[in-house]
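Have a look at the structure below, then the notes.
The values are calculated or read from the model by the stated rules, or taken from the named source; none is laboratory data. Keep in mind that this is a model prediction, so the values were computed, not measured. Note: ideal-geometry Cβ built from the backbone for every residue, glycine included; neighbour counts use all protein chains shown.
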Amino acid sequence: MLQRAAQPERRYTGQVTPLFAIGSAPLEVDRIAAALADAASGSAASDGAVLTFLGLVRNHNVGRRVRYLEYEAYEPLAVKAFERIAREIEARWPDARLALHHRVGRLEIGEASIAIVVRSPHRGNAYAACRYAIERVKQIAPVWKREFFEGGDVWIEGATANPDDERARAEAERLACA
Amino acid sequence: MRVTVRLFARLRDIAGASELARDTAPGATIGEIWRDLAREFPELAGYERSISTAVNADYARMDTRVADGDEVAFLPPVSGG
């Protein structure tokens, strides 16, 4: 237990809201945005745009009537993947900054599974970095959704996660800048 | 030597466990550990070309060698967001 206590606080259920986190509690986008503003305290006054994106559980998928989703994650690697995405954004859009939380467990229709917050001096880079972040999550974050629909359930399997796949990264950047 | 294998999503369902302890030869690669698992749970074999892998919560490759006490994770294609 002592060893666990020494780990940095990663769960947003704690007192401190981290910039990158996985957890089962409902996402609180205002807290995430406040944490990002605090982290940017030195330059917050120069930011002219804050963009928030929420990914929601919807009631249909490829013709199936979805009842609910269950998410799971390899939490320590997922947080590292979020941090990697933040570094990629810093390299591509140096004035944009990212916070990202993903929820796990059972999520009902209409609930948010992911919250992304981006700050930047201007809206253009904030929009691009936000789109880039969600595309990269879908490519490299070790998170899985199991869809429970009317008539059965299925694990959704998307991209083979490979952070070093430059073609995939470039595709995310292309979508971000489209 | 002994490693802990972590399995996620459908891989976990196939093996019926999220965590397995496995004895391996010194210097074994992740690929060798995977092939042993796929012999044990033949349904895993179909994932050979689409899985990702990690050691101690960092992405790794199938030719990465593992050490005693390592945590080796096998990850099916991801679907976050």
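A:ILE114 satisfies every condition listed in (1) crowded, with 18+ Cβ neighbours inside 10 Å; (2) in a helix (DSSP H, G or I); (3) of a type in the set (A, V, I, L, M) except (2). Is it the case that the stretch A:2-20 has a residue that's among the aliphatic types (A, V, I, L, M), within 19 Å of A:VAL118 (Cβ to Cβ) and either at pLDDT below 95 or in a loop (DSSP other than H, G, I, E, B) (or both)? Yes, because at least one residue in the stretch A:2-20 is among the aliphatic types (A, V, I, L, M), within 19 Å of A:VAL118 (Cβ to Cβ) and either at pLDDT below 95 or in a loop (DSSP other than H, G, I, E, B) (or both). Among the residues of the stretch B:21-70, those identified as free of Cβ contacts under 8 Å to residues at least 12 places away in the same chain, farther than 19 Å from A:ALA78 by Cβ and within 14 Å of another protein chain (Cβ to nearest Cβ) are B:GLY46, B:ARG49. Of the residues in the stretch A:89-106, none is touching a Lys or Arg at 6+ places or on another chain (Cβ under 7 Å), crowded, with 20+ Cβ neighbours inside 10 Å and within 14 Å of chain B (Cβ to nearest Cβ). Restricted to the stretch A:117-144, and to residues there that are crowded, with 24+ Cβ neighbours inside 10 Å and within 12 Å of chain B (Cβ to nearest Cβ), the residue that is nearest to A:GLY55 (Cα to Cα) is A:ALA133. Of all residues in the stretch A:48-76, those satisfying the criterion of being assigned to a strand (DSSP E or B), within 13 Å of chain B (Cβ to nearest Cβ) and within 14 Å of the chain's Cα centre (by Cα) are A:PHE53, A:LEU54, A:GLY55, A:LEU56, A:TYR71, A:GLU72, A:ALA73. Within the stretch A:154-167, one or more residues are within 14 Å of another protein chain (Cβ to nearest Cβ), surrounded by fewer than 16 Cβ atoms within 10 Å (Cβ to Cβ), out of contact with any Gly (no Cβ under 6 Å at 6 or more places or on another chain) and part of a strand (DSSP E or B).
Taking the criterion of being within 19 Å of A:ALA21 (Cβ to Cβ) and part of a helix (DSSP H, G or I), the residues of the stretch A:133-153 that qualify are A:ALA133, A:ILE134, A:ARG136, A:VAL137, A:LYS138, A:ILE140.
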